[in-house]
Amino acid sequence: MKFELDAIYIEEGVRTSALARRVIGTVPPHVAVSYVADGREAARPIVEVEDAFGAGKRRMVIMRRRAPFLMACPAGSPKFACCGYLVLTLASNCPMDCGYCFLQEYLADNPGFQVYANYVDAFDELERLRRSASAREFRVGTGELADSLAFDSITGIGRDLVEYFAGRENLTLELKTKTDEIEDLIGIDPKGRTLVSWTLSPERVFRSTEHRTAAPAARIDAARRVLEAGYRVAFHLDPIIAYAGAERDYLELIERLFDAIAPARIAFISMGGIRMTPALRATARRRFPDDPMLVGEEVLGPDGRYRTFTPLRLKLYAALSERIKKADAKLQTYLCMESASVNSRVFGEAALPPAVLGARLAGN
Amino acid sequence: MSRPEANGAKTDDAIRQWSAARHLPDARLRRWLLLAHEDRVALLELAETLRLRTGQFVTMFELIEEIALRERVSNRSINVTIATTLARGEIRRILDASGSAPGRARELIDALRTIRFPRLKRVTARLAAEVAALRLPGGVKVVLPKELSSDEVRIEISAHGGPELERLIDAVAQARMGLGRMADLIGGADSLDDEI
């Protein structure tokens with residue numbers, strides 16, 4: 001385990017669960033383990049701590065999930081072209097600490113790092129989904145409210161997931177990460193049903209803003225290794241931050257990626273500009289007051305988020321899209337949380353309907 | 001000669017008085033008082049000289065802090081602070097000018113925005129020049145999105161009677177190439193390279 005924990009809280013009701021046993025058996029002896037009646041209380045912010053969100057990341061809470069595991073992507077909105085992504089919430093919060101991360105606002109009231117011991121119940125929900133539309137292809141990811149692999153070496157959830165999805169023809173699992181924690185995946189045969197995706201940023205963004213993540217080169221190398229192990233791989237250039245020199249740096253990043261992994265072997269690349277609600281921006285700046293990536297030329301947009309002003313943002317998208325298409329015209333690219341008109345401007349064609357794009361991204 | 005800490009205490013008292021009179025939010029006051037002495041003084045001088053309203057002060061404080069951070073990163077050999085930012089020629093010129101305080105406050109916010117958002121300001125100026133070059137008649141207005149926050153261009157036609165409306169529509173039709181170019185610029189067209 002590369003990430004440190006201060007404490008682990010286990011809800012009484014799940015103390016004998018397989019997940020609790022695995023974690024207790026793996027965690028270093030100096031990490032205190034306590035038992036609590038209700039994990040939700042343990043996940044609340046500690047009021048006397050100045051950075052309650054940051055402290056929450058170091059406090060793992062193993063508990064039962066009361067809400068459904070499967071949901072539509074929270075980024076989805078009629079205002080945006082959508083990729084049809086479904087989210088499987090098996091954990092909440094992340095040991096890494098990116099300055100731009102939306103979890104700083106989204107999880108402000110319950111920042112404890114929750115991991116759900118009853119995660120096998122999610123498989124029942126997935127079975128119902130499959131049966132409800134057996135002709136459709138679904139892409140389901142665990143990397144929305146947590147990093148998919150950050151704690152996999154102690155939770156072992158990744159293995160169970162890959163094995164479950166390996167037998168499901170119309171489901172594709174996306175494990176999204178900024179780590180290089182892939183050892184537990186090697187040696188399992190995903191049968192083409194799992195893709196591992198990495199968020200990639202230039203070195204400058206990584207150094208300035210993506211605290212405790214793996215370096216971009218390490219992420220690309222990890223991707224190359226899981227590809228060799230039989231997994232599909234994908235990448236998210238998201239958030240794209242338009243600092244001075246960004247276009248050159250992002251294009252160099254793409255070059256480095258294509259040098260390591262042939263474009264034809266990449267399932268897809270998504271792009272998305274940095275976007276922050278006013279509340280998120282205020283929180284991020286309070287937590288990272290000296291981060292220059294948080295004071296770019298962002299303006300308040302019609303959707304209530306700060307984004308890089310439109311000509312600059314679209315120019316960056318166009319340059320990166322052109323470079324990707326030049327490498328492989330068939331490599332699927334899409335924009336995250338952008339309007340239909342922005343999609344048309346960048347790609348020269350209308351965005352695909354969510355179900356169609358979703359199936360295309362999920363497909364082998 | 002008074003001791004530096006006595007000066008500091010005097011400054012802080014003046015800051016507290018100004019903040020109380022303007023109902024400055026506590027969090028903002030705390031941030032002000034946490035600054036280095038010369039930065040605290042520079043902001044107080046700004047607030048008093050231009051007789052700033054609370055909202056104007058908060059906007060300026062934020063812009064100046066962001067400018068200082070951005071410039072510290074782009075040139076690590078220079079110690080850019082709030083005080084040095086306010087000492088810049090284009091800022092000092094506004095502070096020392098003789099116009100009305102509200103007018104200078106507006107001018108200063110605009111100047112700070114130009115420094116804080118240099119590429120946005122260049123693109124906005126380019127688009128404004130493109131609109132002017134179209135020489136559209138008075139009843140036709142090209143409305144660009146505020147701070148170029150979207151890719152929408154709106155054209156408003158105000159006419160009184162059929163003949164005037166026809167004339168204005170014809171003018172818009174004649175300008176269609178230029179209007180199209182402008183819409184492309186908002187979409188990040190390559191010809192913006194110099195500005196971006």
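Tabulated results
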| quantity | calculated |
| --- | --- |
| Cross-chain or 6+ apart pairs with Cβ under 8 Å, the range A:36-57 first and part of a loop (DSSP other than H, G, I, E, B), then among the hydroxyl-bearing types (Ser, Thr, Tyr) | A:ALA43/A:SER92 |
| Sole exception among (1) assigned to a helix (DSSP H, G or I); (2) within 14 Å of chain A (Cβ to nearest Cβ); (3) surrounded by fewer than 19 Cβ atoms within 10 Å (Cβ to Cβ); (4) of a type outside the set (Phe, Trp, Tyr) for B:LEU185, by number | (3) |
| Among the residues listed as A:LEU161, A:LEU195, A:LEU173, A:LEU185, the single one being part of a loop (DSSP other than H, G, I, E, B) and crowded, with 22+ Cβ neighbours inside 10 Å | A:LEU185 |
| Test: residue in the range A:300-313 that is at pLDDT below 95, surrounded by fewer than 21 Cβ atoms within 10 Å (Cβ to Cβ), touching a Ser or Thr at 6+ places or on another chain (Cβ under 6 Å) and at the interface with chain B (Cβ under 8 Å from one of its Cβ atoms) | yes |
| Options B:ARG154, B:ARG135; residue that is over 13 Å from the mean Cα position of the chain (by Cα), at positive phi and either at pLDDT 95 or above or of a type outside the set (Asp, Glu) (or both) | B:ARG135 |
| Selection count where residues are at the interface with chain B (Cβ under 9 Å from one of its Cβ atoms) and out of contact with any Lys or Arg (no Cβ under 9 Å at 6 or more places or on another chain), scope the range A:287-299 | 1 |
| Qualifying residue in the range B:157-164 (condition: part of a loop (DSSP other than H, G, I, E, B) and either within 14 Å of another protein chain (Cβ to nearest Cβ) or of a type in the set (A, V, I, L, M, F, W, C) (or both)) | yes |
| Enumerated helices (runs of 4 or more DSSP H) restricted to the range B:2-72, each holding at least 2 residues that are loosely packed, with under 12 Cβ neighbours inside 10 Å and more than 24 Å from the chain's Cα centre (by Cα) | B:4-22, B:26-34 |
| B:LEU185 in contact with a helix residue (DSSP H, G or I) (Cβ under 7 Å, 6 or more places away or on another chain), modelled with pLDDT of 95 or more and closer than 28 Å to A:LEU300 by Cβ | no |
| For A:ALA135: the one exception among (1) modelled with pLDDT under 95; (2) in contact with a strand residue (DSSP E or B) (Cβ under 9 Å, 6 or more places away or on another chain); (3) among the hydrophobic types (A, V, I, L, M, F, W, C) | (2) |
| Any hit, the range B:139-151, residues being in contact with a Lys or Arg (Cβ under 6 Å, 6 or more places away or on another chain), crowded, with 19+ Cβ neighbours inside 10 Å and among the charged types (D, E, K, R) | no |
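The values are calculated or read from the model by the stated rules, or taken from the named source; none is laboratory data. Given the structure is predicted, the values throughout are model-derived calculations rather than measurements. Ideal geometry is used to build each Cβ from the backbone, glycine not excepted, and the neighbour counts take in all protein chains shown.
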